[in-house]
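See structure below.
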Amino acid sequence: MGFLVISALFVVFLNVAMYVLLRSFLGAGGRRPHRYCLILNMLSIIGIGMGFKPEHAGAVTAVIIQAVTIWLMLQVFLIVLLSLLLVGKFLFSLLAKRRRESLFAGMKGGKYVVAVMTALALSLSLYGSFVGRHALHTVEYTVPVEGLGERLEGYRIAQLSDVHLGSFYSLDDFQQLLEKTAAEQPDVLVVTGDVFDNAGMTMQAARLLDSYSDRFPQGIYYCRGNHEHIRGIPLLEIALEGKSIHNLVNDNAMVLEDSRPLYIAGVDYPMQREQFAYLADAYTQKAMDGIPANAVKVLLAHHPDFLENAAGYGTELVLSGHTHGGQLGVEGIPLVPPVFEYLRGWYSQGRTRLYVHPGNGSWFPFRLGCQPEIAVFKLTKAE
């Protein structure tokens, strides 16, 4: 219910902004197009209410959600473009020392300007909906570690996150992702939650992921995300039972023995938001229990806010996801409100480094300037 209320408020905001801007550019002529916007926005709220219910998941709802996404993002881009034009006109009027009475009374050739900007906004919306969210790429980072042993020099960890299997990410898509990841020949694969996001796919997805265990010499390590809790942990536990996947629920495993052995730990997702800080501390303590003080420690935590907890245990690397990198950005810079303290890319606290993965899939089918990725981390001795 909370998600629907927030979505409805967002749609109302878009509708009001469209009204102001259409009247600014078209004057009284903006009433008719705004009526169409109002009707489509009301239908969008209904579509959100229907489409984002797990029990309604299917081909029809996928089409509804995709259509709503295209329409909402079209408005977002159009509002930004028209607002920039108004600001530009205002600044030009100041520089030219012209009268400003007509600033909100319409713009000469306004209907042509609106038409061109609408076409551009639609192009961006369609690109992000059908191209940007599939533009998978691979990035590799070097992670310097003090006192790294010879066996771990050049050790490569691949990370996947936020696949969100379901209407917009099929099992075939998941298999292609795993195949491309295995082709990078990392030593180990870690998966940081929000993979099993459709109950009807959970059993098959677990078998598929397990079938790739032999493609990664040191195996596959996994931690839960919030969407696994939403879809049901009991089914997930049954699906993972007897598999080679290391399901780290506030636990750890020794991956490779060396002068400084490599341990990978994983924490569960604290679903009780009002208790997040307390649970994060307790989960981290359990996950780190038994790890030698001299070990190279990698923590898998779906939510990036575990950075501070991990730093308290001298963890070298924290790998997380959850935020999807905002799904909208320019040149790697997110263009969304700072809802999360750690949104995308690299952060650090002391010697502990955090990487926030932008995700591989999404439940909101749109990405622009925030590509899905295969992240590879190469351990190397710090100089």
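The values are calculated or read from the model by the stated rules, or taken from the named source; none is laboratory data. Given the structure is predicted, the values throughout are model-derived calculations rather than measurements. Cβ sites come from the backbone with ideal geometry, for glycine too, and all protein chains shown count toward neighbours.
Worth a mention:
- In region 174-219, the qualifying residues are those that are in contact (Cβ under 8 Å) with a residue 60 or more places away in the chain and in contact with a helix residue (DSSP H, G or I) (Cβ under 6 Å, 6 or more places away or on another chain), and the one that is surrounded by the most Cβ atoms within 10 Å (Cβ to Cβ) is Asp194.
- Search result, residues across region 329-361 that are crowded, with 20+ Cβ neighbours inside 10 Å, under 14 Å from the mean Cα position of the chain (by Cα) and in a strand (DSSP E or B): Pro334, Tyr355, Val356
- Among residues of region 334-359 that are not assigned by TED's automatic domain parsing to the domain that holds Val191, none has a beta-carbon under 7 Å from a residue that is of a type in the set (S, T, N, Q) at least six positions away or on a different chain.
- Any chance Gly326 is over 25 Å from Ile220 (Cα atoms), in the same structural domain as Leu248 (by TED's automatic domain parsing) and not acidic (Asp, Glu): yes
For (1) at negative phi; (2) at pLDDT below 95; (3) more than 22 Å from the chain's Cα centre (by Cα), each residue gets a yes or a no:
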site	(1), (2), (3)
Val60	yes, yes, yes
Val63	yes, yes, no
Gly88	yes, yes, yes
Ser93	yes, yes, yes
Lys97	no, yes, yes
Gly106	no, yes, yes
Val114	yes, yes, yes
Leu122	yes, no, yes
Leu126	yes, no, no
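- Candidates Leu235, Leu177, Leu208 - the one that is among the hydrophobic types (A, V, I, L, M, F, W, C), modelled with pLDDT of 95 or more and either within 27 Å of Ala280 (Cβ to Cβ) or in contact with a strand residue (DSSP E or B) (Cβ under 6 Å, 6 or more places away or on another chain) (or both): Leu235
- Looking across region 148-172 at every residue that is of a type in the set (A, V, I, L, M, F, W, C) and touching a residue at least 40 places away in the same chain (Cβ under 8 Å), the one that is farthest from Arg133 (Cα to Cα) is identified as Leu148.
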